[in-house]
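Asker: Just dropping this structure here.
The values are calculated or read from the model by the stated rules, or taken from the named source; none is laboratory data. Just so it is clear, the model here is predicted, and its values are computed rather than measured. Here the Cβ is made from the backbone with ideal geometry for all residues, glycine too, and neighbour counts use every protein chain on show. Heads up: the accessible areas ignore ligands, DNA and RNA and are worked out on the full protein's heavy atoms, side chains in. Shrake-Rupley method; radii C 1.70, N 1.55, O 1.52, S 1.80 Å.
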Amino acid sequence: HGLALALSDANRGSNCAWTTSTGSTVHTYTSTSSSFTSESGLQYNATQNSDTYPAFKYAIANNGIAAPTGCSAWFLASGYQWNQMISAAVGAIVLRDGFDDVGGTNMGNVNYWSSTEQSGYYAWTYYFFSGYGGDKWAIQSKAEGYYVRSALAF
């Protein structure tokens, strides 16, 4: 069993908010990136596939591309799942830059949403940047616009 990312960003490559209604949640809060648990973003597809949760809606839709047979539906990966994929790729920059070689579009030097919350107003993003500051987890306002890369489980 494993995880995979889509070959291109969801929402046709445009950024979006995590939610349009901050303060309410159905997730377990995670205060630090070192305390991510084995939470799966897939569990939120049924409850957060709506205009209130744009990041989830765009991840689930994945630009209208159907998930391959034998896999889960598309979903917004949790912080734990992002860490698993980064580890499997042997680093964030390798993961970020590995899509052009297989017919996709590399991820940008930008923040990507996870399904993991920090509080009612903030959620975790992963910032893919190899320059000053390096790649790292960041807490961002759920109302801000960041990018989405759909994931699936197999």
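Asker: Starting from residues that are among the hydrophobic types (A, V, I, L, M, F, W, C) and outside any helix (DSSP H, G or I), keep the ones in region 93-108 and report whichever is nearest to S130 (Cα to Cα). Outline the logic, then answer.
Answerer: First, pick out the residues of region 93-108 that are among the hydrophobic types (A, V, I, L, M, F, W, C): 93-95, 99, 102, 107.
From the residues that got through so far, the ones that are outside any helix (DSSP H, G or I) too are 99, 107.
Details: F99: 17, M107: 12 Å.
Ranking the candidates gives M107 first.
Asker: Within region 135-151, which residues are outside any loop (DSSP other than H, G, I, E, B), in contact with a helix residue (DSSP H, G or I) (Cβ under 7 Å, 6 or more places away or on another chain) and either open to solvent by less than 20 Å² (accessible area, probe 1.4 Å) or without any contact (Cβ under 8 Å) to a residue 40 or more places away in the chain (or both)?
Answerer: A151
Asker: Collect the residues in region 109-134 that are crowded, with 18+ Cβ neighbours inside 10 Å, of a type outside the set (S, T, N, Q) and part of a loop (DSSP other than H, G, I, E, B), keeping them in residue-number order.
Answerer: F128
Asker: Go through (1) under 18 Å from G13 (Cα atoms); (2) assigned to a helix (DSSP H, G or I); (3) open to solvent by 70 Å² or more (accessible area, probe 1.4 Å) for A66 and report which single condition fails.
Answerer: (2)
Asker: Quick one: which of A77, A55, A59 is part of a loop (DSSP other than H, G, I, E, B), closer than 14 Å to A6 by Cβ and at pLDDT 95 or above?
Answerer: From the options A77, A55, A59, the qualifying one is A77.
Asker: Condition first: under 23 Å from A17 (Cα atoms) and out of contact with any helix residue (DSSP H, G or I) (no Cβ under 7 Å at 6 or more places or on another chain). Can you find one or more residues in region 92-102 that meet it?
Answerer: For region 92-102, residues under 23 Å from A17 (Cα atoms) and out of contact with any helix residue (DSSP H, G or I) (no Cβ under 7 Å at 6 or more places or on another chain): present.
Asker: Just wondering, is there one or more residues in region 42-54 that are of a type in the set (F, W, Y) and closer than 19 Å to Q118 by Cα?
Answerer: Scanning region 42-54 turns up at least one residue that is of a type in the set (F, W, Y) and closer than 19 Å to Q118 by Cα.
Asker: In the set S50, S72, S34, S40, which member is in contact with a strand residue (DSSP E or B) (Cβ under 8 Å, 6 or more places away or on another chain), within 28 Å of Y121 (Cβ to Cβ) and of a type in the set (S, T, Y)? First the steps, then the outcome.
Answerer: On the way: S50 fails: in contact with a strand residue (DSSP E or B) (Cβ under 8 Å, 6 or more places away or on another chain); S72 fails: within 28 Å of Y121 (Cβ to Cβ); S34 fails: in contact with a strand residue (DSSP E or B) (Cβ under 8 Å, 6 or more places away or on another chain).
None of the others qualify; the one that does is S40.
Asker: Restricting attention to region 98-126, which residues are at pLDDT 95 or above, over 19 Å from N83 (Cβ atoms) and hydroxyl-bearing (S, T, Y)?
Answerer: The answer is T105, and nothing else.
Asker: When the residues of region 8-52 are narrowed to those that are outside any loop (DSSP other than H, G, I, E, B) and among the aliphatic types (A, V, I, L, M), which ends up most open to solvent (accessible area, probe 1.4 Å)?
Answerer: Applying the filter and picking the extreme gives A46.
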